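Structure first, then comments.
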Amino acid sequence: MYCTGSFGTCQGHNAVPLRKGGYFMLKKINDFLAGWPMTLVGGVFLMASLAAPWLGIQLPVDPAWITVIVSGLPLLYLALWRVVHNTGISKISSALLISIAMFAAVAIGDLFAAGEVAFIMAIGALLEDATTNRAKKGLKKLISLAPVQGRRLVDGREEMIPAAQIRPGDLLRILPGEAIPVDGVIQKGETTVDQSIMTGESLPVDKGQGDAVFCGTINRFGAIDITATKVGEDSSLQKLIRMVQDAEQKQAPMQRIADQCASWLVPVALLIAVLAYVFTGNIVTAVTILVVFCPCALVLATPTAIMAAIGQATKHGVIIKSGEALEKMGKVDTIAFDKTGTLTYGRLDVSDVRSFDPALTEDALLALAASAEAKSEHPLGKAIVAHARAKGLSLQESSRFSMAAGRGVYAEVAGRRLLCGSERFLEANGATVGEAACTALEKLRSQGKASILVAQEEKCVGVIALSDVIRPEARNMVSRLRSMGADTVLLTGDNQRTANYFAKQAGIAEVRAELLPENKVNAIEALQTQGHTVCMIGDGVNDAPALKTADVSVAMGSMGSDIAVEAADIALMGDDIAKVPYLKRLSNATVKTIKFSIALSMTINFIAIVLSLLEVLNPTTGALVHNAGSCFVVLLSLIHISEPTRRVVI
């Protein structure tokens, strides 16, 4: 059971003490009156009420009655609902204070003042609702990744069964291209597994007998037999789904600042109004105080600043899904990055070509390897072929091609026997791997690169290294964040050496590597326990739990998975991480503007109260001053949010 907006929709089967049919009818009427069309109608009639006396027009009924009904009834509904259903001091809300002021103004016949405070609150509610609507489709997409069936081996026979019927200890066969239905250990066969869904690694991982595999990952090459170890709710993918669900439930809705202050605003306003009536004997003065004391400018300060900031961010391709995320981003002191697809482009490219044969140039070596790999389906082989073609090298047709899944390829090119693959693959096929090759391999591995040795006629003649490519703007982005007082940390599923290499290139000192999704969640929770406000930036399915656990989260929008984008609070639609410092500065400016607007609105209220006690203001003029203060807060938000962002280099 909850309410949305300033006096928005109350939901739940027992939300009001009415029969079910009566409740839904009341809810439907409330929603209709609180929407934009009817609120604007109320505004038109409020302006008519103000303009008619100035134009000397006599109307049989004050048009402000329409505004009181349209904007006042939802306000009253919310105030009463909170009195009945909220607990403790939360029964007292800004809606209650404004309802009291509205009734007091009606009681003395000042309908314009009554309509004005109700109308301003209605606008504030609609502005806030516009900043907090968020899509909830990501979890459904994550659940859809769970395999629905598996191939069980019983007495040498294969049978397809639902994934729910798989039990620990069952022997399963996974064919190329199939999703692995449970966590398990390979008993037979060799393959390459795409486990980016779990670890975010850009490179598929070669697997053999005794290696663990995870539910939901994809078997790329080679049939394997596995023994199921964790099934159903205990599998890695189901744990991933549960973490997203649990983190989603932890997300608390943004509380209105006015409501947080209402516990003391209402008693103070009523006390001052009563004392004013006691000492002056003038009920109009008491009502004027209630009108000018209404926290409408205070209510508008947060949503208008947030709306202005969200509009500015959208122009730069930064999609902010909620005002709460924007506020929290302004308080962030630690930013955690995923590596693949975030600090890097998330694509393989040839980084090094080294020949160990003086008679073989680097381009000749690359052409030989690409010719051998031309019929391969392995991602590393495809990357080599693409790189050679991009350089305009001529490839030759291979014959007698064969591939050992997860190990390498054999091909004959122009009468020469070629081997491309791992050190173990070359040695198993009679090729000699010399000291120069071993030294080069060790150096390339220390840089986090995947390497393919090339042998010609049983002699290793070179090595080709492939690597993910770091974004050129990464280092400057990290430096700018540091200048704003934000620490950075790298959280990745890659091995430690790869993580250290890329972190050094980006200028990130703190590195946590070889992390599964739950480990990323634990790392973020540990930072939060230490008192840090954490922002997580990622792009993959495996990042979704960490994105949900962080105080605020940012996803790479154009290449990031739909699940990551849905899980995050903010999306960078251009995949430009250079926008992260811009986002941080925009958030800082928003928080400062909100605080300044609140202080200003309280100052205006204080001055208006003094003028009311001096009988300079009456309810109508007090409402106009009150309305002017609200408008000033809106203009202040628009100016202060747009001005600092123009100074930011995108």
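The values are calculated or read from the model by the stated rules, or taken from the named source; none is laboratory data. All of these numbers come straight from a predicted model, not from anything done at the bench. Cβ coordinates were reconstructed from backbone atoms using ideal geometry, including for glycine residues, and neighbour counts include every protein chain displayed. Note: accessible area is taken over every heavy atom of the protein model, side chains too, but ligands, DNA and RNA are not part of it. Shrake-Rupley method; radii C 1.70, N 1.55, O 1.52, S 1.80 Å.
For VAL193, enumerate residues with amide H under 5 Å from its amide H, sequence gap 5+ or separate chain, H modeled in the peptide plane.
When sequence neighbours closer than 5 places are left aside, the close amide H contacts are VAL205, ASP206, LYS207, ARG220.
When only the heavy atoms of the protein chains count and the probe is 1.4 Å, how do MET38, MET536 rank by accessible area, highest first?
Numbers: MET38 40, MET536 0 Å².
If we order MET38, MET536 from most to least accessible, we get MET38, MET536.
By per-residue mean of other Cβ atoms within 10 Å, what is the highest-first order of 217-225, 109-117, 49-57?
109-117, 217-225, 49-57
Just grab the label-to-label distance for ASN429 and GLU442, each label 7 Å out from Cα along the Cβ direction, in nm (one decimal).
The modelled label-to-label distance comes out at 2.6 nm.
Order the following by accessible area, largest value first: GLU158, GLU514. Probe radius 1.4 Å; ligands, DNA and RNA are ignored.
Values: GLU158 95, GLU514 115 Å².
Per-residue accessible area, sorted high to low, gives GLU514, GLU158.
When a/c is below 1.5 the answer is rounded, else prolate if a/b is larger than b/c, else oblate, so apply that to region 338-425 with a ≥ b ≥ c taken from the square roots of the Cα gyration tensor eigenvalues.
Details: a/c = 1.81, a/b = 1.42, b/c = 1.28.
Because a/c hits 1.5 or more and a/b exceeds b/c, region 338-425 counts as prolate.
How much length would be gained if the chain were fully extended between SER402 and MET602, taking 0.36 nm per residue of separation minus their Cα-Cα distance, in nm to one decimal?
Details: separation 200, 0.36 × 200 = 72.00 nm, distance 7.79 nm.
So the extension gain works out to 64.2 nm.
Going by amide H atoms built from the backbone, whose H comes under 5 Å of the H on ILE335, apart from near neighbours?
Correct list: ASP487, THR488, VAL489, CYS535.
Of the peptides 302-315, 393-406, how do they stack up when ordered by the mean number of other Cβ atoms within 10 Å, highest first? List each step's numbers first, then the result.
On the way: 302-315: 22.8, 393-406: 15.4.
With the highest mean Cβ count within 10 Å placed first, the list reads 302-315, 393-406.
Provide the FRET efficiency to the nearest 0.05 for the ALA628-LYS331 pair, computing r from the beta carbons and using R0 = 45 Å. Could the numbers behind the result be given before it?
Numbers: r = 31 Å, r/R0 = 0.70.
Rounded to the nearest 0.05, the efficiency is 0.90.
Enumerate the amide H contacts of GLN396 below 5 Å, restricted to partners 5 or more residues apart or on another chain; note that Pro and chain-start residues carry no placed amide H.
Those lying under 5 Å, H to H, from GLN396 are SER371.
In nm, to one decimal, how far is the modelled label at ILE89 from the one at LEU40, with both set 7 Å along Cα→Cβ?
Inter-label distance under the simple model: 4.0 nm.
List the relative contact order of region 375-479 as a percent without decimals, with contacts defined as Cα pairs under 8 Å and 6+ residues apart. Don't skip to the end; give the middle numbers.
Values: 131 pairs, mean separation 18.9, N = 105.
About 18 percent, as a whole number.
Once you've got the Cα coordinates, tell me which of LYS91/LYS592; LYS520/LYS595; LYS188/LYS504; LYS321/LYS449; LYS548/LYS595; LYS207/LYS443 are over 32 Å apart.
Details: LYS91/LYS592 29 Å; LYS520/LYS595 34 Å; LYS188/LYS504 39 Å; LYS321/LYS449 37 Å; LYS548/LYS595 27 Å; LYS207/LYS443 23 Å.
Result: LYS520/LYS595; LYS188/LYS504; LYS321/LYS449 exceed 32 Å.
Explain nothing, just compute: Karplus ³J(HN,Hα) = 6.51 cos²θ - 1.76 cosθ + 1.60, θ = phi - 60°, for every residue of region 348-361 in order, whole Hz, x for Gly and Pro.
7, 8, 5, 9, 9, 10, 10, 9, 9, 10, x, 7, 10, 6
At 0.36 nm per residue, and after removing the present C-alpha to C-alpha distance, how many nm does the segment from MET47 to LEU175 gain when stretched out fully? Could you put the intermediate results ahead of the total?
Details: separation 128, 0.36 × 128 = 46.08 nm, distance 7.19 nm.
Length gained between MET47 and LEU175: 38.9 nm.
Through the Karplus equation 6.51 cos²θ - 1.76 cosθ + 1.60, θ set to phi - 60°, convert the phi angles of region 214-226 into ³J(HN,Hα) values in whole Hz; use x for Gly and Pro.
10, 4, x, 6, 10, 7, 7, 9, x, 7, 10, 10, 10
How many nm separate the modelled label positions at GLN530 and ALA223, each set 7 Å beyond the Cα in the direction of the Cβ?
The answer from the label model is 5.0 nm.
Using θ = phi - 60° and the Karplus relation 6.51 cos²θ - 1.76 cosθ + 1.60, list the HN-Hα couplings for region 444-449 in order, rounded to whole Hz, with x at every Gly or Pro.
5, 5, 5, 9, x, 9
Which listed residue (ALA440, SER451, VAL489) has the Cα farthest towards the positive end of the charge dipole for region 402-505, taking +1 on Lys and Arg C-beta and -1 on Asp and Glu C-beta about the Cα centre?
VAL489
Just subtract the alpha-carbon distance of ASN495 and LEU635 from 0.36 nm times their residue separation and send over the number in nm, one decimal.
Numbers: separation 140, 0.36 × 140 = 50.40 nm, distance 5.13 nm.
Working it through step by step, the gained length comes to 45.3 nm.
Enter the accessible area of PHE214 (Å², nearest 10), with the probe set to 1.4 Å and all protein chains included.
Its accessible surface works out to 40 Å², give or take rounding.
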